[in-house]
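Structure first, then comments.
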Amino acid sequence: MKILVIEDEPDMLGNIVWSLEEEKYVVETATTFDAALEKINLYQYDCILLDISLPDGNGLVILEELKKLDATQGVIIVSAKNSVDDKVAGLDLGADDYLPKPFHMAELHARVKSVLRRRKFEGNRIIELGNLRIDPDERTVYVNQEQLVLNRKEYDILLYFVSNKNRLVSKTALGEHVWGDQIDEADSFDFIYSQIKNLRKKLKEHDAQLEIQAVYGIGYKLLLL
């Protein structure tokens, strides 16, 4: 899962990024209003942590822009401005949650997981697809009650496909989601092909009722067999 943290205070930003990366999220950052606007217009995220008190603009305007883009990611406002008006305005503009500073990282993790479950997996803690069972909190995968052992990137790829089941996924979108926004500067996608090849092999060996189908020249699609 890929998260964008929009925060201008260096220590707070560093703590949030470190904490989320420890939880195995792919984390991108923006420290200014303009940088945040550029990010949301160029890339897709599963969840955005938004400080509305940015030095060069109002974070609520970013929410308005997300609404115009018809974006599907969850948004959690993380702000020292704990006023009722700001909270109501943010929620009215489509934010999923409001977390006032200061806060414990454990609470932030819980809020992020809750938003991701609602946005990506219909509120379910456990994801079941065919004979596949995924626990995102534990990052475990089972096929017919037998654990499927995946490396970090194989798991991230599988979860991305499952959250986009039956949709055509481009190589660029997959790369950005699993490896970060700078993937668009890569010379080739060979490292993606290698991880998908290994994931396909493991799914087949465990008789998973899923198939990652290549769509020539475009990307991939996850199909339920």
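Nothing in this text is a laboratory measurement; each read-out follows from the coordinates by a stated rule. It should be emphasised that the depicted structure is a prediction, and the values quoted were computed from it without experimental measurement. With ideal geometry, Cβ positions are generated from the backbone for all residues, glycine too; neighbour counts draw on all protein chains shown.
Based on the Kirkwood radius over alpha-carbon pairs, what value in µm²/s does the Stokes-Einstein equation return for the translational diffusion coefficient of the chain at 4 °C and 1.567 mPa s? Walk me through the numbers before you get to the answer.
Values: Rh = 18.4 Å.
The Stokes-Einstein estimate is 70 µm²/s.
Since only Ile48, Val27, Ser114 are under comparison, the one whose Cα sits farthest along the positive direction of the charge dipole of the range 16-154, derived from C-beta charges on Lys, Arg, Asp and Glu, is Ser114.
I need to check one value: relative contact order of the range 1-45, counting alpha carbon pairs closer than 8 Å and at least 6 residues apart, in percent.
Details: 45 pairs, mean separation 22.2, N = 45.
Relative contact order comes out at 49 percent.
For the pair Asp207 and Asp190, the difference between a 0.36 nm per residue extended length and the Cα-Cα distance amounts to 3.5 nm. Residues of the range 189-214 falling in the label zone of Val149, defined by backbone nitrogen less than 11 Å from a point 7 Å along Cα to beta-carbon, are absent. Of all lysines in the structure, those lying under 17 Å Cα to Cα from Lys204, and not within fewer than 8 positions of it along the same chain, are Lys221.
What ratio of Cα Rg to 2.2 N^0.38 Å holds for the range 127-224? List each step's numbers first, then the result.
Details: Rg = 13.0 Å, N = 98, 2.2 N^0.38 = 12.6 Å.
That ratio works out to 1.03.
Is the shape of the range 1-48 rounded, prolate or oblate, going by the alpha carbon gyration tensor and its root eigenvalues a ≥ b ≥ c, with a/c under 1.5 for rounded and a/b larger than b/c for prolate? Taking the square roots of the gyration eigenvalues as a ≥ b ≥ c, the range 1-48 is oblate. Summing Lys and Arg as +1 and Asp and Glu as -1 over all other residues whose Cβ lies under 13 Å from the Cβ of Thr72 gives a net charge of +3. When only alpha carbons are used to place a centre, the range 4-23 and the range 105-158 end up 22 Å from one another. Between Leu223 and Trp18, the modelled labels are 4.7 nm apart [label points 7 Å from Cα along Cα→Cβ]. Which whole-number percentage describes the relative contact order of the chain, with Cα contacts under 8 Å and a sequence gap of 6 or more? Contact order relative to length: 16 percent. The angle between the Cα long axis of helix 105-120 and the longest principal axis of the Cα atoms of the chain comes to about 60 degrees, rounded to the nearest 10.
The charge dipole of the chain, taken about the Cα centre with unit charges on the Cβ atoms of Lys, Arg (+1) and Asp, Glu (-1), comes to about 1140 debye, rounded to the nearest 20.
Beyond 18 Å, the tail of the calculated P(r) for the range 2-120 holds 44 percent of the Cα pairs.
In the range 2-120, Cα pairs under 8 Å separated by at least six residues give a relative contact order of 23 percent.
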